[in-house]
Amino acid sequence: MDQGHNTNMVDIEKESSTTTFDYSKRAQWLRAAVLGANDGLVSTASLMMGVGAVKHDVKAMILSGFAGMVAGACSMAIGEFVSVYSQYDIEVAQMERESGEVEKEKLPSPLQAAAASALAFSAGAIVPLLAAAFVREYRVRIVAVVAAVTVALVAFGWLGAALGKAPAVRSSARVLFGGWLAMAVTFGLTKLIGLYGL
């Protein structure tokens, strides 16, 4: 009776540890997705603000943002593919050393990681593009981009804090001020180069 009880307890503990492991993996993926989206948001918005500093034309601003989104998504996907493939090779070699057989279901997927990274970056990058796309007036367009990016930065900061179990207000403020700083520096330096450097 005791032996059967002990066996059941071991099975429950195994199931519990497996569930925890799956949850932690899912949380890591979600956190990586939030960081990728934040990266797409800040880099694309900063690029658009930089171009907007010297070109008031909506077409130039949208095209630069779109080019930034595509280039950034491709760069993130390739970087993630190479990184995860390296991890894949290491894990395969370790499995072969330990048991002589490879358990494919336990291995990371480089293609899945690359696609997720590109999609996350694009999801963030689309925010400033949509904010600027329908506004002809230059000043209103700049304000619309900053406002949309501000809301998205706070949301991404809060989500990242929730996933990482960090203080939400401090994390959101850090992400927000970092994004504002990136846009301000890009806008200011491009304006200076446009006025005096070219």
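The values are calculated or read from the model by the stated rules, or taken from the named source; none is laboratory data. Since we're looking at a predicted model, the values are computed, not measured. Cβ sites come from the backbone with ideal geometry, for glycine too, and all protein chains shown count toward neighbours. Heavy atoms of the whole protein, side chains included, go into the accessibility calculation; ligands, DNA and RNA do not. Shrake-Rupley method; radii C 1.70, N 1.55, O 1.52, S 1.80 Å.
Could the peptides 95-108, 147-160 be put in order, highest first, of the mean number of other beta-carbon atoms found within 10 Å of their residues? The partial results should precede the final answer.
Values: 95-108: 9.9, 147-160: 19.7.
Sorting 95-108, 147-160 by mean packing, highest first, produces 147-160, 95-108.
Keeping every protein chain present and rolling a 1.4 Å probe, give me the accessible area per residue for region 79-179 in Å².
Working: 6080 Å² over 101 residues.
For region 79-179, the solvent-accessible area averages 60 Å² per residue.
With unit charges on the beta carbon (Lys/Arg positive, Asp/Glu negative), name the residue among Tyr88, Ser122, Ser99 whose Cα is farthest towards the positive pole of the charge dipole of region 56-140.
Ser122
With +1 on each Lys and Arg Cβ and -1 on each Asp and Glu Cβ, and nothing else charged, work out how big the dipole of region 106-198 is about its Cα centre, in Debye to the nearest 20. Mind showing how you got there, number by number?
Working: 8 positive and 1 negative charges, 29 e Å.
Dipole about the Cα centre, nearest 20: 140 debye.
Any chance you could run the full-extension gain for Glu98 through Leu30? It's 0.36 nm times the residue separation minus the Cα-Cα distance, nm to one decimal.
On the way: separation 68, 0.36 × 68 = 24.48 nm, distance 3.06 nm.
In short, 21.4 nm is gained.
Show Lys59, Lys165 ordered by accessible area, largest first, where the area counts protein heavy atoms only and the probe is 1.4 Å. Intermediate values should be presented prior to the final figure.
On the way: Lys59 135, Lys165 170 Å².
Per-residue accessible area, sorted high to low, gives Lys165, Lys59.
Quick check: at a probe of 1.4 Å, how many percent of the accessible area of region 66-198 sits on carbon and sulfur atoms? Show your work: numbers first, answer last.
On the way: 5630 of 8240 Å².
That fraction is 68 percent.
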